[in-house]
Structures are given as C-alpha cells and as structure tokens.
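> A single structure is presented below for examination.
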Amino acid sequence: MTLALVLLSAVSLLLAGAIELWWGSPLRQQQRKSLAHLEKNLAAPVAAANPAAAGAAGAAAPARQPGELVTDPLCLRAGLPTGWRVPGQIAALGLLLTVLGAWRIGTAWAWPVLLAVYAAMAWLWLRARIEKLRRQLVRQLPDFLDAMVRLASIGNSLPMAFQTAAASVQAPLRGVLDQTMRSVRTGLELDRALQLAARPYRLEALDLLHVVLGTGVRMGGRADHILQRMSDFMRDLDHAQQELRAITSETRMSAWVLGLLPIVVAIFMSLLNPAFFHPMFTHPLGHKILLIAAVMELIGGFLLYRLARSL
C-alpha cells in the first residue's frame with residue numbers, strides 16, 4: 001500500500017501536467033499554425049527572389065542557443081535569472097523541506113506525498129510569475145507600438161523607429177527589445193531577430209508583431225497603420241480581460257480555497273501533531289483512507305479547475 005502512495009504522488013504530478021497541456025495545447029497549436037502559414041506566405045516572394053539570403057535567415061535562428069539550459073526559457077517567462085542556480089535552489093529547498101517534514105511526521109513514506117505537494121506549489125508559483133510577466137509585457141506593447149507609429153509617420157524606417165522607440169521602454173519589455181537589437185547588429189533581419197528574442201516568452205502579440213514587421217520590411221506599404229490598429233486592439237483586449245477577471249475573481253478564488261484547503265489542513269495537522277496522522281501511514285486502513293482522500297481531492301480539483309476555466 002505504501003508503494004501505491006508513491007505511485008499516486010507521481011500520478012498527481014502527471015495529471016496536473018496533462019490538464020495544463022490538454023487545455024493549453026490546442027489553442028497554442030492553432031495560433032502557431034496560423035502565424036506560421038502567414039509568415040510562409042510572406043516569405044515566399046523573398047525566397048524566390050533571393051534563395052541564398054532566405055537560407056541564411058532560416059539558418060540564423062536555431063532552436064536553442066549554445067550553452068542554453070532546458071530550464072532557461074521557463075526562467076525567462078517567469079522573470080528569473082537563467083542558468084542552473086535558480087532551479088538548483090528550488091530543488092534543494094524542496095528536498096530539504098520534504099525530508100524535514102517526513103522526519104517530523106515520523107515516517108519516510110510521507111516524503112513522496114510532501115514532495116508532490118511542494119512540486120505543485122512551486123509550479124503554481126512559477127505560473128503566477130509567468131502570468132504576471134505576460135500581463136506586464138502586454139500592457140507595455142501598446143505604448144511601444146504608438147511610439148513606433150509616431151516615428152514611422154514622420155519618415156523613419158521601421159528598423160530605425162523600432163530602435164529609437166526601444167530606448168524609452170522599461171523592463172520587462174526592454175529586455176526583449178535589447179536582445180532583438182543585439183541580434184540585428186549581428187546581421188539578422190529585424191523580424192527574425194524579434195522572433196528569436198520573443199520565442200521563450202510564447203506571447204502571441206510578439207509573434208504577430210514580428211510578422212507585421214516582416215511584411216513592412218520586405219514588402220513595404222503602410223505598416224504604421226497596422227501597428228496602430230494592433231495597439232488599439234491590444235488596449236481594448238486588455239481592458240476586457242481586466243473586467244472579466246474582476247467579474248470572475250470571486251468564483252476563481254472560491255475554487256482555489258476549496259481545492260487547497262483540505263491539503264493545507266492535512267499538512268498542518270500532520271506537522272503540528274504527528275501522532276494524530278501516524279496511523280494513516282502505518283496501518284492498512286489508514287492507507288486506504290489516504291488513497292480515497294487523494295482520489296476525491298484529484299476529482300474535486302479537476303472539477304473546480306474546469307469550473308474556473310469555463311468562466
């Protein structure tokens with residue numbers, strides 16, 4: 001039965017990841033296919049006119065930079081320093097807390113349960129930071145586009161307007177724009193450089209901006225009109241999303257409280273009074289009760305998640 005607790009902890013993590021992928025993947029795939037199709041159509045005339053330049057541009061955007069860790073894109077999306085230090089600190093803190101918790105409860109079989117809870121909490125913390133950074137980027141983009149429109153309307157080219165407007169932008173968008181300009185100075189085209197710099201953030205607005213810039217740089221036309229419409233649309237969309245979050249905040253908060261309250265109460269009771277929960281980990285009946293409680297918590301959490309996502 002103790003082995004079943006370990007397996008259930010692993011299944012809980014896999015189920016949380018599966019829920020995230022299930023709800024997020026179809027929309028992201030559809031958006032990426034639409035942007036890729038549009039970019040392919042825009043790049044076709046350029047590739048036909050200059051195959052060598054098109055091949056060089058495609059080769060200049062590798063999937064991963066040399067020396068880049070697997071966790072670096074996640075750290076960038078969460079606004080954390082890249083490298084091994086932050087993931088190592090999170091992992092070391094998790095191992096320390098779970099070992100101390102298992103020692104306090106008095107059984108080693110509490111370790112995988114506490115580790116699963118810590119991993120879920122760490123993932124929720126990272127998701128909160130990612131969402132906060134995404135909102136900051138979305139709110140900064142309209143002002144940056146307005147600055148580009150003003151500079152382009154008085155005769156500046158799109159690359160010059162981009163470079164001049166980027167100098168007045170604050171963090172976190174400033175980091176994306178600075179990385180873009182560094183790539184431009186190495187010989188990469190503006191739209192490809194923006195695509196490469198924005199890839200770790202997975203922000204649809206930046207993907208659409210690089211397509212618009214590619215259209216303006218390669219084919220000409222009044223790209224400033226498109227940028228102005230993008231700016232207005234992004235402001236309206238952000239305002240509507242803020243109103244939706246305000247309207248549904250009570251329901252979403254209730255779902256969080258109902259979902260986390262049993263877990264938090266059980267952990268605090270087991271840490272404050274280990275003798276009370278010790279039979280749950282040592283007796284066969286306690287194992288069955290824990291399994292039933294874990295299954296009910298997973299089902300309830302999934303239903304509350306679907307309720308919050310449907311709003």
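> Using alpha carbon centroids, what distance separates the range 205-267 and the range 127-170, in Å?
Taking the Cα centre of each part, the range 205-267 and the range 127-170 sit 16 Å apart.
> In bins 5 Å wide, starting from 0, what share of all Cα pairs of the range 137-208 does each bin hold, as a percent?
3, 18, 28, 29, 18, 4, 0
> So if I take the alpha carbon set of the range 164-311, get Rg, then get Rh from the Kirkwood formula, what is the Rg over Rh ratio?
1.25
> Return the loop-located trypsin sites (Lys or Arg not before Pro) in the range 180-228 (DSSP other than H, G, I, E, B) with at most 11 other Cβ atoms within 10 Å of their own Cβ; answer none if there are none. Walk me through the intermediate numbers first.
Values: sites: R182, R185, R192, R202, R218, R222; in loops: R202, R222.
Qualifying residues, ordered by number: R222.
> Among A171, L194, L213, whose Cα lies farthest out toward the positive end of the dipole of the range 104-226, if unit charges sit on the beta carbon of Lys, Arg (+1) and Asp, Glu (-1)?
Going by the charge dipole, the pick is A171.
> Would you compute, for the Cα atoms of the range 210-291, the largest minus smallest coordinate along each principal axis and list the three values in descending order, in whole Å?
Cα extents, longest axis first: 75, 30, 21 Å.
> While we're on this one: What is the spread of the Cα atoms of the range 64-157 along each of their three principal axes, largest first, in whole Å?
Over the range 64-157, Cα extents along the principal axes are 73, 29, 14 Å.
Every number here is computed from the coordinates shown, using simple stated rules; none is lab data. This one's a predicted model, so the numbers in the text were calculated from it and none came from an experiment. Counting neighbours? That spans all protein chains shown, and the Cβs are built from the backbone with ideal geometry, glycine included.
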